[in-house]
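Structure first, commentary second.
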Amino acid sequence: MRNVLLALSAASVIIISGGLYAGRIVVPQWIYTSLETIGFETGGCLLNGENAVFEVENNYSKEYSYVNVSKMGGENAKTPVFREKILQPQHYHPVEAHKCAVYFVQGVNYDPASLGRSLQGFREELVAFDYRGKKIFSMILAEKPDKYVSYYSNDFRVNPSETHVALEDNHDLNNKIFLIKSLGTKNDHFSLPLATIANQNENLVGDIMFLDWTRDGRYFWASLFEAAYVNGWVRVDSNDWSYELYEAPEGVLGGYPLNIASGWVPVIPGAFWTGVVELDDEVRQERSASGETADLYLYNVITKTRILVEDTDAPIWRGLKAHWLSDTELEYTMPDGTKKTYRVSSD
């Protein structure tokens, strides 16, 4: 299987290959002094200059899967730190590795063949283990005392300084709430019902998908979507816990990545998704007959600026495969399969 690179957080990158996730943990330079932290102990955090790697063994529900974390020594020598069970290794965002802890979702009293929901007394927990292998945090996301109850989704994002975590409250499935909690106290510092967003802007209905924290940890971004279409974004400012809503222009699909540092997102006006080859062919023929073409733009959701990146003769654009190489460089794939890079001017 071809390797795919995915950014998990400001502190880690994973490589996906078959059933194995792996990543190198990069140590940031800030100092941890906030009272909102979990309570990190001496020796539990990576020191500046130290490196560690993690791997996730995905055993595809046939048996237990594990997170393996090791510290790196000279000549890439590995010193194992811990090996712990992970509940759903196939999740698109299974692990976050930061300076003082590795975060993932773990199950208690479960059968891996049933995704952990068949046994009485089951619990699904967000946990953190430090770099001595000590469990220093846990929070129940779901449990089955009698019948299965979900309190929070199993998608999460920890900020770079490890003081807060973004979660979605699932207590009432008809009124989901976007939360940011203190890791130290587990209190809510930010709470935004999705219904409130829809009331403020009727074009921003839909489900929420977490993106990430900016590198400095000030802003957190999430997208609002329906099926394959992105309707907009919400940005939370952790300085005062205010938020801004940004409506997406027409032509943004779920795979088009927002650059959370700069606000740029790829846009192809008229972009659509059916998932049916015959329907795609029908639209292609109609657009070819009318002379319509698929052109690529960059749109800045903050400044509302739009830049033409590429005009084509293709009636539809499939396989854009866009991803940001930096805050200003976008790599994308042309309709004919050619890869290109576009640099946004800093002027």
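From Cα pairs below 8 angstrom and at least 6 apart in sequence, can you work out the relative contact order of the chain, rounded to a whole percent?
8
Which of Lys62/Lys321; Lys78/Lys135; Lys135/Lys181; Lys147/Lys186; Lys134/Lys176 have a Cα-Cα distance over 29 Å? Those over the limit are Lys62/Lys321; Lys134/Lys176. A crude spin-label estimate for the pair Leu325 and Asp281, with each label 7 Å from Cα along the Cβ direction, gives 3.6 nm. If the chain linking Ala198 and Ser138 were pulled fully straight, counting 0.36 nm for each residue of separation and taking away their Cα-Cα distance, it would gain 18.4 nm.
In a fully extended conformation the segment linking Glu247 and Ser150 would gain 31.9 nm over its present Cα-Cα distance, using 0.36 nm per residue.
Hey, how many Å between the Cα centroid of the range 76-129 and the Cα centroid of the range 188-216? For the range 76-129 versus the range 188-216, the Cα centre distance is 26 Å. Put a dot 7 Å past the Cα of Lys304, heading toward its Cβ, do the same for Glu50, and the two dots end up 5.0 nm apart. Assuming charge only on the beta carbon of Lys and Arg (+1) and of Asp and Glu (-1), the dipole of the chain about its Cα centre is about 1240 debye to the nearest 20. In the distance distribution for the chain, Cα-Cα pairs more than 37 Å apart total 23 percent. Considering the range 259-347 at the alpha-carbon level, its Rg and Dmax are found to be 14.0, 44 Å.
Test of understanding: what is the full-extension gain from Arg83 to Arg343, defined as 0.36 nm times their sequence separation minus their Cα-Cα distance?
89.4 nm
With neighbour counts taken as other beta-carbon atoms within 10 Å, the residues Leu141, Leu279 rank, fewest first, as Leu279, Leu141.
Each value in this text was obtained by applying a stated rule to the coordinates, not by laboratory testing. These figures come from a predicted structure and were not determined experimentally. All Cβ positions, glycine included, derive from the backbone under ideal geometry; neighbour counts span all protein chains shown.
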